[in-house]
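These notes concern the structure reproduced below.
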Amino acid sequence: MSSTTVQNASPAVPPQGTHHYVLTLDLPGRMAATWTGTITPGAKDTRHDLYVFLRKHVTAELPEYARANVAFFSLEPNRL
């Protein structure tokens, strides 16, 4: 009896976080942008904690968005 092993030939895919987020910030009349990705919250993190973390992360890179309006925010489990 022979055995065959099939290996994935594609490059390794980095692991995804447990939650998927979408954050859209709008500076009316100037610009708007959307950030999306995955994140794994800590055991005691709340939805609000992650919102504040993501907002701070964006504004650390792009300070002009510090006073932007939140047009959309979604945080959902990253599963089907």
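Pull out the extension gain between Lys56 and Val22, defined as 0.36 nm times the separation in residues minus the alpha carbon to alpha carbon distance; nm, one decimal.
Extra length available between Lys56 and Val22 comes to 10.8 nm.
Computing the accessible area with a 1.4 Å probe over protein heavy atoms, can you report the carbon and sulfur percentage for the chain? Exposed carbon and sulfur together represent 55 percent of the surface.
Take every Cα pair under 8 Å in the chain that's 6+ residues apart, average their separations, divide by the length, and report that relative contact order as a whole percent.
41 percent
As I understand it, the dipole of the chain uses +1 on the Cβ of Lys and Arg and -1 on the Cβ of Asp and Glu, about the Cα centre. Which of Ala33, Gly17, Ala66 lies farthest toward its positive end? Value computed over the given set: Ala66.
Solvent-accessible surface of the chain, averaged per residue with a 1.4 angstrom probe and all protein chains in place: 79 square angstrom.
Qualifying chymotrypsin sites (Phe, Trp or Tyr not before Pro) in the range 21-80, where qualification requires a DSSP coil assignment and no more than 15 other C-beta atoms within 10 Å, are lacking entirely.
For Phe73 and Thr40, what is the calculated FRET efficiency with R₀ set at 25 Å and r taken between the beta-carbons, to the nearest 0.05? Plugging the Cβ-Cβ distance into 1/(1 + (r/R0)^6) gives 0.90. Can you give the angle from 0 to 90° between the axis of helix 47-61 and the longest principal axis of the chain, with both taken from C-alpha atoms, to the nearest 10? Tilt of helix 47-61: around 80 degrees.
The values are calculated or read from the model by the stated rules, or taken from the named source; none is laboratory data. Quick caveat, the model's predicted, so the values are computed rather than measured. Positions of Cβ are generated from backbone atoms using ideal geometry, with glycine treated the same way; all protein chains shown enter the neighbour counts. Surface areas here come from the heavy atoms of the whole protein model, side chains and all, with no ligands, DNA or RNA. Shrake-Rupley method; radii C 1.70, N 1.55, O 1.52, S 1.80 Å.
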